[in-house]
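Written below as structure tokens is the structure these notes are about.
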Amino acid sequence: MRFAASPYERADAIAALTLVRALTHHLIETKVITPEWLESIREDALAELEAGGGPIVEQARELIEREFP
């Protein structure tokens, strides 16, 4: 698993998270996906992080848990 290293890659990661968050909220509000479906997606994302370790992976896990409770 690769994480952003340069300032440009970090900016890309922040932009991607912002877009994903906005899209997720829109899909929930317009009832395209259900909160239960979002929870399933979140669980899948957290499961993917289980394969890695270290402080960066832990930060990613905490970010998912905080942004998508």
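The values are calculated or read from the model by the stated rules, or taken from the named source; none is laboratory data. None of the values given here were measured: they were computed from a predicted structure. Every residue, glycine among them, receives a Cβ derived from its backbone with ideal geometry; neighbour counts consider all protein chains shown.
Before moving on, here are some points about what is shown:
- Counting only residues that are in a loop (DSSP other than H, G, I, E, B), farther than 17 Å from Ile14 by Cα and of a type outside the set (S, T, N, Q), the range 25-69 holds 9 of them.
Residues are listed down the side, and each one gets a yes or a no for (1) surrounded by 11 or more Cβ atoms within 10 Å (Cβ to Cβ); (2) at pLDDT 85 or above:
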residue	(1), (2)
Ser6	no, no
Val32	no, yes
Glu39	yes, yes
Asp44	no, yes
Ala47	no, yes
Glu50	no, no
Pro55	no, no
Ile64	yes, no
